[in-house]
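A.B. asks: Here it is, the structure in full.
No value in this document is a laboratory result; all are computed from the given coordinates. In this text the structure is predicted, and so the values were computed from the model without any measurement. Methodologically, a virtual Cβ is constructed for each residue, glycine included, from the backbone with ideal geometry; neighbour enumeration extends over all protein chains shown.
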Amino acid sequence: MAATGTLPLPFSLSISRPKRSRPSFSRTSSRRNYQRPLVFAVSEEKASEEGGQKASFRPFGFVTDNPSSRSAIQLPEVPAEDGNVGQMLYRIEDKGREYGSYVKAGKFRWFVRETGSSKTQRGTIIFVHGAPTQSYSYRVVMAQMADLGFHCFAPDWIGFGFSDKPQPGYGFSYIEEEFHEAFDNLLEALCISSPVILVIQGFLVGSYGLTWALKNPSRVSKITILNSPLTVSSSIPGLFQKLRIPLFGEFTCQNAVMAERFIEAGSPYVLKLEKADIYRLPYLSSSGPGFALLEAARKADFNGVLSRVAMGFSEGRWDKPILLAWGVADKYLPLSIAEEFQKGNPDIISIKALEGAGHMPQEDWPEKVVDALRYFLL
């Protein structure tokens, strides 16, 4: 197994839920997400600054001064009474592994979620996540699709979630071709030989799922795309732009709340704390995921990949059915991206708009994703 980085985090936070009455839920917030109450501790430096004294230098102040991080981290009213990062890791380290186990494929160990049976006649679905998240987002959808008779797999890409996170240059360089090769090794290890149904969502490694399909059309029967960049008109979120800036990218990639804030920024909802815990867990437990994301983002040719995706799935080049199940409340990728992509191959590509869902519809409103898949696949 390749070496992985486990540098200590450059800061320590005390994180807990404040002792408050249970928040009231509206019909909308019952979608498993809600706006949670927050309590913010004022630092000594900030207090002295407000008192007219010069504040001391805080090189890692971006963790709590950044509005995105502030709205995701819950600082206790009395820090001494609550746990630190190590205690929080102990509390959540065994969570978030529903339906999952480890699979050795080639040089690396993948964490793969599986539901259903290989004896099913409905077919095999592989759910592909995007950056900076993990396969955890598909847990509800894949459970329900197994109930409909499908054999489902949802792996964490190498460098993400609970899969191996090799140091760049030690057997894995986080380039597109290596992700494709690793994915081929995984399918072989899972004994998947017949054409599969792909469900793909998200940026960067999500796009690599699409370019893998273009290289292997005979291994794909149908594709469902959930809110992914599909044309050069697709905007690149600020997270990936920051990661590509020297030095600033190194700070950004070690922000433990990066994944949950990325999800929330593209959604009309705020994650429940127990869900946010899982998305933050890999980034809290090791520096490896952050540096893997940093390397992948810096080596990605975003425009080149999107050009190949738009052209590769266009009329006359691709003839397998494609469904765009699109969360219309996505703050990164509007429905117009899906409509533009469909115009390139209107007889093959169809659109199902998912009202009320954002950038990750499988997390925001999994029932609507299941309904769209049922309509498309059955």
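A.B. asks: Can you pull the one-decimal nm distance between simple spin-label points at residue 189 and residue 221, each 7 Å off the Cα toward Cβ?
C.D. replies: Result for the modelled spin labels: 2.5 nm.
A.B. asks: Sorted from largest down, give the three principal axis spans of the alpha carbons of region 100-377, whole angstrom values.
C.D. replies: Taking the Cα atoms of region 100-377, the three principal extents are 47, 38, 37 Å.
A.B. asks: Quick one: if you stick a label point 7 Å off each Cα along the C-beta vector at residue 339 and residue 121, how many nm between them?
C.D. replies: Taking the simple label geometry, residue 339 and residue 121 are separated by 4.1 nm.
A.B. asks: Now for a different question. Under a cut-off of 24 Å between alpha-carbon atoms, report the lysines in cross-link reach of residue 104, not counting same-chain residues fewer than 8 places apart.
C.D. replies: Reachable lysines: 95, 119, 165, 215.
A.B. asks: Taking the mean number of other Cβ atoms within 10 Å as a proxy for protection, how do you rank 144-150, 217-223 from highest to lowest? Write down the numbers at each step before the final one.
C.D. replies: Working: 144-150: 18.0, 217-223: 16.0.
Ranked by mean Cβ neighbours within 10 Å, highest first: 144-150, 217-223.
A.B. asks: Could you list the residues of region 363-378 with an amide nitrogen less than 20 Å from a label point located 7 Å from the Cα of residue 351 in the Cα-to-C-beta direction?
C.D. replies: Inside the label zone: 365, 368-377.
A.B. asks: How much of the DSSP beta bridge set in region 100-377 is antiparallel, as a percent to the nearest 5? Present the calculation step by step, with values, prior to reporting the outcome.
C.D. replies: Values: 11 of 33 bridges.
Here the antiparallel bridges make up roughly 35 percent for region 100-377.
A.B. asks: Would you work out the relative contact order for region 100-377, in percent, from Cα pairs under 8 angstrom that are 6 or more residues apart?
C.D. replies: Numbers: 539 pairs, mean separation 56.7, N = 278.
About 20 percent, as a whole number.
A.B. asks: While we're on this one: Provide the FRET efficiency to the nearest 0.05 for the residue 274-residue 299 pair, computing r from the beta carbons and using R0 = 41 Å. Kindly include the intermediate steps, with their values, before the conclusion.
C.D. replies: On the way: r = 34 Å, r/R0 = 0.82.
Using R0 = 41 Å, I get an efficiency of 0.75.
A.B. asks: For region 164-302, what relative contact order do you get, as a whole percent, if you take Cα pairs closer than 8 Å and at least 6 residues apart?
C.D. replies: Numbers: 129 pairs, mean separation 41.6, N = 139.
Worked out over region 164-302, it gives 30 percent.
A.B. asks: List the relative contact order of region 329-378 as a percent without decimals, with contacts defined as Cα pairs under 8 Å and 6+ residues apart.
C.D. replies: Numbers: 30 pairs, mean separation 17.9, N = 50.
Averaging sequence separation for qualifying contacts and normalising by length gives 36 percent for region 329-378.
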